[in-house]
Amino acid sequence: MYPLLTVNLGHLRQNVNTVRGLCAAHGISITAVTKVFRADPNIAKVLVEEGITKLGDARVDNLKRLEEIDAEKWLIRPPMLSEVPDLVKYADASLNSEMIVVRAISEECFKQGRKHKVILMADLGDIREGYVDHDELIDAAVETEKLEGVELYGIGVNLTCFSFIQYDTEKLTQLAGLRKRVEEAVGRPVDVVSGGNSAAVDLMLRGGIPEGVDNLRLGESVLFGKERAKYQFLPDTFADVFTLECEIVELKEKPSMPWGTVGVDSYGKKPEFTDRGEHRIKAICALGKQDFDVETTMTCDPGIIMLGASSDHLMLDVTDSDRSYKVGDTVRLQLGYFSTMRAFTSEYVKRQYTDK
């Protein structure tokens, strides 16, 4: 039965309503990002029930799981040429930065008798996807407008995910300016300008997103109530939508420091240890890095110190806990973004859903 991932759908509903209200007050629509939970339809359904009309994911395989969900589906990374047939079948829109791919999408739309919306991406400094040469982006917009089967839906940008370049009013004003250039070039308004991710929420709340930028692609802020510029939790949200229980398989008194010659770990780094004294109660749980991410996880019991993990073992110091643990007991963990992603990816982690 363990490890067991619990999804609190009631807390998720609260988060969606709070963040959607904040965005609406600033004229921003939300594309809710589903990749962290692998587009689990049980969760995606809640997003749509609470007013989300657009869902985005970085993998077409995940979008397939959303086929029965009544929402506009976006592929939020540039499509692979090899996946264009499935893209056209399962996605309504995609973020693009290569015209060879847009042309392939157009041809596939003709074959399938479908329409597909294209959002062209600008690179404003993060050096991930997008056109650095904005004249080239304008040319791409003009060509996309002429292609059959595809619709020039708008433009977008992504920051903070590779080089961690921060969102600011100046950069998003550039994006709004690009919108005007695109609209002048194609002779009509575009529908959407997607200004980024949860790292842009703080800027939005400070009134820093200019007119002309009207969409954000949000995962962390909706699912965890957290904006990513200052890593602050938003008021009236819950951070514990995703929790993970793991079972104790060993409980022994051990020294806090290892003995012998310390080598390097799997990444070539030498681990460091804190001397907390000779006699500490150490628990080992049947959970490892294959199932969760140590760095983005907190223990729900404040008396537990998370010491680290290997691929299949989680080491905890339970000495200072008010609870007397025994072998077979479970320890509850509060998961952050990357830890949740890994838990949903691991086939060894079971799931349950609650509205409480």
Sites Ser163 and Met80, calculated FRET efficiency, Cβ-Cβ separation with R0 25 Å, nearest 0.05: 0.65
Say each of Asp320 and Gln290 gets a label point 7 Å from the Cα, pointing the same way as Cα to Cβ; how far apart are those two points in nm? 3.2
In whole Å, what is the distance between the alpha-carbon centres of the stretch 326-356 and the stretch 228-244? 17
Quick calc, Asp329 & Cys300: beta-carbon distance into FRET formula, R0 22 Å, rounding 0.05, result 0.95
Length gain on complete extension for the stretch Gln174 to Glu253, per 0.36 nm per residue less the alpha carbon to alpha carbon distance? 22.5 nm
Go through the chain and flag any cysteine with no other cysteine's C-beta closer than 4.7 Å, please. Cys23, Cys109, Cys161, Cys300
Rounded to the nearest 0.05, FRET efficiency between Arg181 and Thr53 (Cβ-Cβ, R0 30 Å) equals 0.65
Kirkwood Rh over alpha-carbon pairs of the chain, then Stokes-Einstein at 10 °C and 1.306 mPa s: what D in µm² s⁻¹, rounded to an integer? 72
Derived scalar couplings ³J(HN,Hα) [the stretch 124-135; Karplus, 6.51 cos²θ - 1.76 cosθ + 1.60; whole Hz; x for Gly, Pro]: 10, x, 7, 6, 9, 7, x, 7, 6, 7, 6, 5
Work through the residues other than Val213 whose Cβ is under 15 Å from its Cβ and net out their charges, Lys, Arg +1 and Asp, Glu -1. -1
Go ahead and estimate [θ] at 222 nm for the chain from helices alone: -39,500 (n - 2.57) per DSSP H run with n ≥ 4, summed, over the residue count, rounded to 500. -8500 deg cm²/dmol
Each label point is 7 Å from the Cα along the Cα-to-Cβ direction; what then is the distance between the points at Ser29 and Asp275, in nm? 6.2
Whole-angstrom gap from the stretch 1-49 to the stretch 127-162, using each part's C-alpha centre: 28
Value of relative contact order over the chain, rounded to a whole percent, pairs C-alpha under 8 Å and six or more apart: 19
Could you work out how far apart the two model spin labels at Thr345 and Gln232 are, taking each label as a point 7 Å from the Cα in the direction of the beta carbon, and quote it in nm? 3.1
Mind running the shape call on the stretch 66-120? Use the C-alpha gyration tensor, a ≥ b ≥ c as the square roots of the eigenvalues: rounded below 1.5 for a/c, prolate if a/b tops b/c, oblate otherwise. oblate
Translational D in µm²/s for the stretch 242-354 (Stokes-Einstein at 20 °C, 1.002 mPa s, Kirkwood Rh from C-alpha pairs): 145
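All of the numbers you see were taken from the coordinates with simple rules; none came from a lab. Everything numeric here is computed off the predicted structure, so don't read it as measured data. Positions of Cβ are generated from backbone atoms using ideal geometry, with glycine treated the same way; all protein chains shown enter the neighbour counts.
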